[in-house]
Amino acid sequence: MAAMTMIEAIQNAHDNAMQRDERVVVYGEDVGFFGGVFRCTAGLQDKYGASRCFDAPINESGIVGTAIGMAAYGLRPCIEIQFSDYVYPAYDQIVSEAARLRHRSGGDFTCPLVIRMPVGGGIFGGQTHSQSPEAVFTQVCGIKTVMPSNPHDAKGLLIAAIEDPDPVIFMEPKRLYNGPFDGHHEKPVVPWRDHELGDVPEDYYTTALGTAAIRRPGNDLTILSYGTMVYVAEAATAETGIDAEIIDLRSLLPLDLDTIVASVTKTGRCVIVHEATRTSGFGAELCTLVQEECFYSLEAPVARVTGWDTPYPHAQEWDYFPSPERLGRKMREVMEA
Amino acid sequence: MSDYPPLSFRVPAPEIRPGDTPDFSGVTIPPAGAVRRPAVDSDPESIRDLAFTIIRVMSRDGDAVGEWVPELDEQSLLTGLRHMMRLRAFDARMLMAQRQGKTSFYMQHLGEEAISCAFQTALEPGDMNFPTYRQAGLLIAQDYPMFLMMCQIYSNEKDPNHGRQLPIMYSSKAHGFFSISGNLATQYPQAVGWAMASAISRDTKIAAGWVGDGSTAESDFHAAMVFASTYKAPVVLNIVNNQWAISTFQGIAKGDAGTFAARGHGFGIPALRVDGNDYLAVYAVARWAAERARLNLGPTLIEYVTYRAGGHSTSDDPSAYRPKEEGDAWPLGDPIVRFKNYLIKQGHWSEERHAQTEAEIADEVLSAQKEAEQVGTLSSGNTPSARDMFEDVFEEMPPHLVKQRQEAGY
């Protein structure tokens, strides 16, 4: 075991995957020589050569489109989109091509492809470096969408995603790269070395896609969270004193519905929290599923705490970012309902 | 107040519309044999002129002339003619089948048969095409069973795509034919990526991308050109310029500037412009480009100058936007008639043998059609089970899809 940041864990996952399987190739903007603007591919070009880790032109549709061709050839591309905010030029390639190739060709061609991208706010990135676009991918059939919340899961999920036979969108909450962040931006940054999930085995392991983790068992209320919001949920729970069960979904599609249903059936109350905008956000899907599966166990309406339906702001970042205080308020409402 | 007069907005439009007399006098056509054949490792800068001319091999007199005359033996020449004739006969039957309500949609190749048929002959087994919807000659030229193509068109139980795709959106990895997408130009960067993968893997296979004149305007065309140029990918990038993008003339995709082939120049990609209705010229140019790719010299852009003699699809009526006689006025003629005349002049062929072959092919197509229709057509109801549409979304069906399949009654 070694103390790793999420960046180091992701770099290590690449290293493991490239070591085990020479079909794994890694590329993206600034990914090769420099090792990525967040350093998630640092050292890989030196170790595996420029034909397996290289810089790409600034053309997201080209990056994804060429990767689809590589996957169809038989390679296992794991590509980086520098910020999820930049992924939209590639949306056609992801939605109409990667996601449908297996189906439309009757299984003749497949697309084992990982598209990594930093997501989320908390870094004063403004509207073009802070978005959480998970719902524009979970809405598409034929792709999986994953979002780890810590170094240990990031490594296990990334290796599992690279080995997966289908395309996977791998979202990395960039505010968690260097430490867990609970929304208290005024406090000093906590480094991963001080967190148990920053303890990462250096050897190969995988974390199965489609399995949620219970970060805190509790009896009074279920919080469905993922990414940075896991730590906001922990802070809100500590600050309200409510005995909440905190679920880190990790994988949005496939979704671990069994864990959700078991928890909400037990607690009878559910608050969903995500950074993304609310309307048609992934929380809407979660809310519907909880209603469909747990209606007769519910003691209060299911509630959502989300980013507002506005572009992600710059100066007003902390009014936008769901805070422990905002989540705590909603938890109290649900407890009192 | 500005000192300048008001700006004006310009929308290009073709000079000829329905009711006008077709006029291709603006299309400059050099005589066959007039264009030089440079070495495959020529500096792209030294062959820029080849993007502004038209490489032609077969003369009006039925001879093959000039440096681009390919080395093809008599058997290969006759096989080439047969491929084009099969494709045309296949199209005619399937167009009729669509009119009879046996399927929803069809797209024919009329006038463009030489391009895909000759190109495929220049490839090796294992190479991969990333085609558009008008390159079925790539399959026909490999003797891919017409029966299977028809099953795909009828979306019946033997459709290799399980009834999931529109008619003519074939897929066959074994035949180097990538699954066709209805979204335009997406396959162009994919072809480049496949070629990059071949080079990364130290393989010897090459890829070929296909796009129409209209779709060169897509961002993905430019994405593909950037990646092909940067990594010198072993790929042949084909543009089939059939003059019309549904109802839109080529000036909308290209403006007034240059040619489609010339778009390669900004990327440092060697670009050739070829008579798309000249089987020998298409084959020769395809071989040249494939050789470049195989020698690791990088990509080549080829523009095939041709004419879409039929409608865009069975949903299209070209008489609404272009003169009905325009196809007859097309100066590069019909690819099958031209090749036939060449073969007759060379003593390889005769009108009698041609008529006899046409009859044989008609029987062949009809018998495949009967066989396919025995399996079923879209209208006869022998289509794949609805249960099947839940398969292949993922390799392993996730729980939510299993549940939805049950809800659907399967």
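The values are calculated or read from the model by the stated rules, or taken from the named source; none is laboratory data. Every value quoted in this text rests on a predicted model; they were computed, and no experiment measured them. Cβ atoms come from the backbone with ideal geometry, glycine included; neighbour counts cover every protein chain shown. With ligands, DNA and RNA removed, areas are computed over all heavy atoms of the protein, side chains included. Shrake-Rupley method; radii C 1.70, N 1.55, O 1.52, S 1.80 Å.
Numerical summary
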| item | result |
| --- | --- |
| Shape of chain A, Cα gyration tensor, a/c cut at 1.5 | prolate |
| Chain B: calculated mean residue ellipticity at 222 nm from DSSP helix runs of at least 4, using -39500 (n - 2.57) | -11000 deg cm²/dmol |
| Drop in accessible area of at least 20 Å² in the complex versus isolated chain, residues of region B:176-198, 1.4 Å probe | B:PHE178, B:SER179, B:SER181, B:ASN183, B:THR186, B:PRO189, B:GLN190, B:GLY193, B:TRP194, B:MET196, B:ALA197 |
| Threshold 30 Å², region B:202-242 residues less accessible with all protein chains present than alone (1.4 Å probe) | B:ASP220, B:ALA223, B:PHE227, B:TYR231 |
| Efficiency of FRET from Cβ geometry, B:HIS400 and A:THR128, R₀ 35 Å, rounded to 0.05 | 0.60 |
| Averaged over B:389-396, number of beta-carbon atoms from partner chains that fall within 10 Å | 6 |
| Normalised contact order of region A:2-200, rounded percent, pairs of Cα under 8 Å and 6 or more residues apart | 25 percent |
| Cα-Cα over 23 Å, subset of B:LYS205/B:LYS232; A:LYS47/B:LYS205; B:LYS158/B:LYS403; A:LYS155/B:LYS173 | A:LYS47/B:LYS205; B:LYS158/B:LYS403; A:LYS155/B:LYS173 |
| Solvent-accessible area per residue, Å², over region A:238-337 with all protein chains present [probe radius 1.4 Å] | 44 Å² |
| Highest-first arrangement of B:313-325, A:24-36, where packing means the average Cβ count within 10 Å | A:24-36, B:313-325 |
| Cβ-based charge dipole, region B:136-285, positive-most Cα from B:ALA136, B:GLY255, B:SER198 | B:SER198 |
| Accessible heavy-atom area order of B:TYR154, B:TYR133, A:TYR204, highest first, probe of 1.4 Å | A:TYR204, B:TYR133, B:TYR154 |
| Shape call, region A:2-200: gyration tensor on alpha carbons, a/c limit 1.5 | prolate |
| DSSP beta bridge pairing in region A:182-337, given as percent antiparallel to the nearest 5 | 20 percent |
| Fraction of antiparallel bridges per DSSP, the protein assembly as shown only, in percent to nearest 5 | 15 percent |
| Cα Rg, Dmax (largest Cα-Cα span) when computed across the protein assembly as shown, Å | 29.3, 96 |
| B:GLU360 accessible area, 1.4 Å probe, all protein chains in place, Å² to nearest 10 | 80 Å² |
| Probe 1.4 Å - accessible area at A:LYS187, Å² to nearest ten | 110 Å² |
| Helical contribution to [θ] at 222 nm, DSSP H n ≥ 4, -39,500 (n - 2.57), averaged over chain A, rounded to 500 | -9500 deg cm²/dmol |
| Share antiparallel - DSSP beta bridges, chain B, percent rounded to 5 | 15 percent |
| DSSP H segments from chain B that extend 27 Å or more along their own axis, Cα-based, with Kyte-Doolittle mean of -0.5 or above | B:74-99 |
| Protein accessible surface hidden between A and B, which excludes ligands and nucleic acids, total in Å², probe 1.4 Å | 3400 Å² |
| With every protein chain in place, region A:213-336: carbon and sulfur % of accessible area (1.4 Å) | 49 percent |
| Apportionment of accessible area to carbon and sulfur, region B:44-379, percent (1.4 Å) | 48 percent |
| Around A:GLU285: net Lys/Arg minus Asp/Glu count, Cβ-Cβ under 13 Å | -1 |
| Total formal charge among the other residues, if their Cβ is under 14 angstrom from that of B:LEU166, Lys/Arg +1 and Asp/Glu -1 | +3 |
| Share of carbon and sulfur in the accessible heavy-atom surface of region A:2-200 [1.4 Å probe, %] | 51 percent |
| Per-residue average of Cβ from other chains inside 10 Å of A:109-117 | 1 |
| Region A:48-151: relative contact order as a whole-number percent, Cα under 8 Å and 6+ apart | 26 percent |
| Charge-dipole axis of chain B as Lys and Arg at +1 and Asp and Glu at -1 on Cβ define it, positive-most pick from B:ILE361, B:GLY209, B:CYS151 | B:GLY209 |
| Length-normalised contact order for chain B - Cα pairs under 8 Å, 6+ apart - percent | 24 percent |
| For A:133-143, mean number of other protein chain Cβ atoms within 10 Å | 1 |
| Ranked packing of B:331-340, A:58-67, most packed first, by mean Cβ within 10 Å | A:58-67, B:331-340 |
| Karplus-derived HN-Hα couplings along region B:323-328 (A = 6.51, B = -1.76, C = 1.60, θ = phi - 60°), whole Hz, x at Gly and Pro | x, 4, 8, 4, x, 5 |
| Sorted peptide list for A:158-165, B:4-11, criterion being average Cβ within 10 angstrom, highest first | A:158-165, B:4-11 |
| Chain B, accessible area per residue, ligands and nucleic acids excluded (1.4 Å, Å²) | 41 Å² |
| Local electrostatic count at A:LEU255 - Lys and Arg +1, Asp and Glu -1, tallied over other residues with Cβ under 14 Å | -4 |
| Cα gyration tensor, region B:44-379 - rounded (a/c under 1.5), prolate or oblate | rounded |
